[in-house]
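Written below as structure tokens is the structure these notes are about.
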Amino acid sequence: MPNFIWLKKFISILLINKSTGFIIEKIYPDGIPFRGTKIKVPSTTSKSISAMLFFKAYESAEIRFIHQYLNPNLPVIELGSSLGGVSCQIGLILPKNATFLCVEANPSLISTLKQNLTVNNVNSIVINKAIGNGSNILFEQSENNLVGQASVKNHSDKKSNKIEVSTISLVQLCREYHITDFNFVCDIEGAEIQILLDEPEAFVHIQHFIIELHETFKDGFTYSVKDLVSLINKLSFETIDSYGNVFYFKKIAKHI
């Protein structure tokens, strides 16, 4: 097994890089084939993302859990929809009349996200907001779309590479779109700590929970991935599966 891991990393270095991504974009100018979908990548995004898509390395654990565990009969709220690579995979298994919210904080990705959803016939509602429960925040943009809301800084720390984004809480999302029990998919680069600590009531109706966890900070405290798993377990979720820092949690059934 260790030899296999070493070989996998070696192949990744050879194939997943900016040069390979540049070539792939030239071959597929209308969108990169990705697990039964076609994903367009904006010119401002790192070319290595294009290579990751083509070689199916893009969010592979998260996508595997989505196909394995997501309940197609329930609505889906996805935080951190980014380019729509994962969103389009969710769309493959949802009925056309399903309620599907794609929440993305970075306004520079919204047009590409909408385009990819449309091209792949995914019926969804795109919401350009950051997760939060207060005033607007500053969002730091990056050429790597896999880096997102963890870069949000204090509102007073205004620099040229940051943009102001309005916020919405998970509770507000459920209320505004009349969602009760639902699937929850989340990859917001550490900002998940805000929901875990500040919105425990939002987790009452989550039935299936797929998330990439990140070591993060809040109110002077550091939270490891292990700490975050413990917080989720205390919210009545059982850890069913994991790969690296990607986890699938299932709501613990209440016995009467």
Solvent-accessible surface (1.4 angstrom probe) belonging to Thr118, in square angstrom, nearest 10:
100
Sort the following peptides by mean Cβ neighbour count (other Cβ atoms within 10 Å, averaged over residues), highest first: 171-181, 62-72, 202-212.
202-212, 62-72, 171-181
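Could you tally the net charge around Phe249, taking each other residue with its Cβ under 10 Å from the Cβ of Phe249, Lys/Arg +1 and Asp/Glu -1? Mind showing how you got there, number by number?
Numbers: positive: Lys250, Lys251; negative: Glu238, Asp241.
Taking every other residue near Phe249 into account, the sum is 0.
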What net charge do the residues around Asn120 carry, taking every other residue with its C-beta under 14 Å from that of Asn120, with Lys and Arg at +1 and Asp and Glu at -1?
+4
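The values are calculated or read from the model by the stated rules, or taken from the named source; none is laboratory data. It should be emphasised that the depicted structure is a prediction, and the values quoted were computed from it without experimental measurement. All Cβ positions, glycine included, derive from the backbone under ideal geometry; neighbour counts span all protein chains shown. These area figures cover heavy atoms from the full protein model, side chains too; ligands, DNA and RNA do not enter into them. Shrake-Rupley method; radii C 1.70, N 1.55, O 1.52, S 1.80 Å.
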